[in-house]
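Here the structure comes first, spelled out in structure tokens, and everything after it is commentary.
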Amino acid sequence: MDAASIATGLASSPQLRRAYGASMRPLTSGGHWSEGDGWWIGITAAPDPDYNLALVHGGDVTAHAHHVYETLTEAGHPSIVLLAGDGLGAAQVLADHGWVCAGSLDLTYLVAHDAPIDPGFRVLDEDGMVHARELAAATFGIAPGTAAVAYADVVARTPGVEVIGIFDDADADGGTATLQSCTLLVDSGPIRTVWSLGTRTGRQRRGYANRLIRAGAAHTHTQRGPVAMCGLTRPRVTPLYLAAGARVAETWQMWSRPRWLLGS
């Protein structure tokens, strides 16, 4: 049993990978979600490859890579195939189809822990989703329709799913407090996953994201105890999570079509 599995309370890395994939199900009502022994596919139908994912990590990885390639190609949405564990041996399948390795993503985990309440922390209700969408679209440079996948109005009333944020205090004139950083939390069996964390454009490097990660961990501990909070992060962003106490469980290779990566 590896250290990441022990820390997350799971018996093995494959279980952690499956649990992470299962957390996509609430986001795929307009697309497709399926899984098998050693693979999963989550298609939200958003026009952004980061929101249409598949993972190959075990079993007959060559056959699984062909399957996820065919499923994603038929769906027709910009997508990313992730390879982990034994799945790294399926890279040639994707290369033969003209896909390229686009780098890697770190699977991070932070064990929820008790901590003082952050005065700026809030759970967003349905009325707050519009502000989360606006923040995400501006922060990530994605289309409003893509932001709506993670921050759809229905998220606020979906069991096991929450959007949390850090707000500035209302100004001295009694103005409304402003959402500065937000993220989506999804319960998935023994873990909770973190999606689409971002800070308002022009307000980065002021500690909002760090506060949100820590406040989210305290909030999760209150609800579920010391469960693992897991997220996929690009290497340049991973230090933000490490600074808040997270660790890297493993690194997943990322493959896609060149034209999707270029946004065409």
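Here are the numbers:
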| item | result |
| --- | --- |
| Some residue of segment 72-80 being over 19 Å from residue 185 (Cα atoms) and touching a Leu at 6+ places or on another chain (Cβ under 8 Å) | yes |
| Residue match in segment 195-203 (condition: of a type outside the set (Asp, Glu), modelled with pLDDT of 95 or more and either surrounded by 21 or more Cβ atoms within 10 Å (Cβ to Cβ) or on the phi < 0 side of the Ramachandran plot (or both)) | no |
| Every residue from segment 239-251 that is under 24 Å from residue 56 (Cα atoms) and surrounded by fewer than 19 Cβ atoms within 10 Å (Cβ to Cβ) | 247, 248, 250, 251 |
| Failed condition for residue 92, given (1) polar (S, T, N, Q); (2) free of Cβ contacts under 8 Å to residues at least 40 places away in the same chain; (3) under 24 Å from residue 16 (Cβ atoms) | (3) |
| Qualifying residues in segment 136-177 (those that are within 20 Å of residue 203 (Cα to Cα) and at pLDDT 90 or above) - the one surrounded by the most Cβ atoms within 10 Å (Cβ to Cβ) | 166 |
| Residue list for segment 92-119, restricted to those being crowded, with 19+ Cβ neighbours inside 10 Å and either out of contact with any Asp or Glu (no Cβ under 6 Å at 6 or more places or on another chain) or acidic (Asp, Glu) (or both) | 93, 94, 99, 105, 106, 108, 109, 110, 112 |
| Flag for residue 75 being in the same structural domain as residue 47 (by TED's automatic domain parsing), surrounded by 13 or more Cβ atoms within 10 Å (Cβ to Cβ) and within 18 Å of residue 250 (Cβ to Cβ) | no |
| Condition check for residue 213: within 30 Å of residue 91 (Cβ to Cβ), crowded, with 19+ Cβ neighbours inside 10 Å, aliphatic (A, V, I, L, M) and touching a residue at least 60 places away in the same chain (Cβ under 8 Å) | no |
| Residues of segment 20-33 that turn out to be of a type outside the set (Phe, Trp, Tyr), buried (at least 16 other Cβ atoms within 10 Å of the Cβ) and farther than 14 Å from residue 195 by Cβ, as a count | 2 |
| Residue 132 vs. criteria surrounded by 15 or more Cβ atoms within 10 Å (Cβ to Cβ), in contact (Cβ under 8 Å) with a residue 40 or more places away in the chain, over 17 Å from residue 24 (Cα atoms) and in the same structural domain as residue 57 (by TED's automatic domain parsing) | no |
| Residue 12 being of a type in the set (S, T, N, Q), farther than 19 Å from residue 246 by Cα, surrounded by fewer than 18 Cβ atoms within 10 Å (Cβ to Cβ) and out of contact with any Leu (no Cβ under 9 Å at 6 or more places or on another chain) | no |
| Residue 234, sole failed condition from (1) within 18 Å of the chain's Cα centre (by Cα); (2) under 20 Å from residue 185 (Cα atoms); (3) surrounded by 14 or more Cβ atoms within 10 Å (Cβ to Cβ) | (3) |
| Flag for residue 254 being closer than 17 Å to residue 51 by Cα and either under 16 Å from the mean Cα position of the chain (by Cα) or surrounded by fewer than 19 Cβ atoms within 10 Å (Cβ to Cβ) (or both) | yes |
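The values are calculated or read from the model by the stated rules, or taken from the named source; none is laboratory data. Predicted model only: the values in this text are computed from it and were never measured. Methodologically, a virtual Cβ is constructed for each residue, glycine included, from the backbone with ideal geometry; neighbour enumeration extends over all protein chains shown.
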